[in-house]
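The values are calculated or read from the model by the stated rules, or taken from the named source; none is laboratory data. What you are looking at is a predicted structure, and each value in this text was computed from that prediction instead of being measured. For neighbour counting, all protein chains shown are included, and Cβ atoms are generated from backbone atoms with ideal geometry for every residue, glycine included. With ligands, DNA and RNA removed, areas are computed over all heavy atoms of the protein, side chains included. Shrake-Rupley method; radii C 1.70, N 1.55, O 1.52, S 1.80 Å.
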Amino acid sequence: MKEATEETAEKIVFDDLQLANTLFGVHSENLRRIARTIGVKISAKGNALTIHGDELDVQLSKRVLNDLYGLLRKGYPLFPNDIDYAIRMISDDQSVNLEEIFLDTVYISSRKRVITPKSLAQKRYIDAIRNFDLVIGIGPAGTGKTYLAMAMAVASLMKQEVERIVLTRPAVEAGEKLGFLPGNMYEKVNPYLRPLYDALHDMMDFDRASRLVEKGVIEVAPLAFMRGRTLNDSFIILDEAQNTGPEQMKMFLTRMGFSSKAVITGDITQVDLPENKVSGLIEIQGILRGIEGIEFVYFSDKDVVRHPLVQDIIKAYERVEERRQRFRQSVSSEKG
């Protein structure tokens, strides 16, 4: 329950009217978004604001507005969702530096869209990929694990830090078996690889991506096709790694060659393997932890960068899973 604080009012004056108007948003939409999310009242006049509400909420609003104004002064193109991310991060950690996060440009897409981290965990993830040869990102869907890894891979290719990108994922989804699917092998596995193609085409225009795929500079393939290969000078991404078995995971890990970097992503709460089969992603948390050159980065529902409802959906499923775990424990203890 939120602790009650004294009602207060505070005024902020911004020195640049044009930037202030950008911060406020069209018809003050950004101000309404902040007021609605935090629970304050904000009135604007020219380049000045007055914030009314509980003291803690007013101080939070003031901090968010000043930090976002600072980003605009540095040339950052502010999007409405950035306001939500800023409020979330500052609420969780008062020491957070938004400029270090939002101004850390990973890549600028063909659509001139600047790709930057949007949460503390995403920033740690990006830094880990820069500094470690093998990074394992674990967390729920919508936290940007694959997308940011893809952006880092494309950026590395454009800077000629690597000679090729290899994108792979296991062809296991919701219990389906390839033998039951229509078509030849390419037609069978292509639907599983579609999310990787979608992310790739978001980074660069379709024709350029297609040419690089045709030349083998960018390879998108099911995990089974990695067997027996050594990947040198490559940026390798294994997506949906929770659906690998221990043998598949070991096979992938031993594909890394010289001057290569690998990123493994997955959600250990969404395993589609048979119940009697161990997830390779779950297993490597114990096997690889502590090895120099390998870094684990964990995401939570706070790092979700999709529709706000996705956060609530993830939390709801987590509550259900917690109840199931308690039920299983109680049944086990009764049997014991």
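Summary table below
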quantity: Summed residue charge, Cβ within 15 Å of N131's Cβ, Lys/Arg positive, Asp/Glu negative; calculated: -2
quantity: Cross-link table K123/K315; K74/K261; K159/K302; K41/K302, entries beyond 28 Å C-alpha to C-alpha; calculated: K74/K261; K159/K302
quantity: GNM flexibility winner over the chain from M152, M249, M226 (Cα, springs under 10 Å); calculated: M226
quantity: Surface accessible to a 1.4 Å probe, D82 within the full protein complex, Å²; calculated: 0
quantity: Extension reserve of the E55-K11 stretch, reckoned as 0.36 nm per residue once the Cα distance is removed; calculated: 14.6 nm
quantity: Burial order of peptide ranges 130-137, 102-109, 164-171, 40-47 (average beta-carbon count within 10 Å, highest first); calculated: 164-171, 130-137, 102-109, 40-47
quantity: Part-to-part distance (alpha-carbon centres) for the range 29-48 and the range 192-226, which is given in Å; calculated: 43
quantity: Placed amide H near V220: partners under 5 Å, 5+ positions off or other chain; calculated: L167
quantity: Max mean-square fluctuation residue, GNM over the chain, Cα-Cα springs under 10 Å, options R211, R324, R32; calculated: R324
quantity: Compactness relative to 2.2 N^0.38 Å, alpha carbon Rg of the range 197-336; calculated: 1.31
quantity: Beta bridges by DSSP in the chain, antiparallel share as percent, to the nearest 5; calculated: 35
quantity: Förster radius 35 Å - calculated FRET efficiency between T105 and R289 (Cβ-Cβ, nearest 0.05); calculated: 0.70
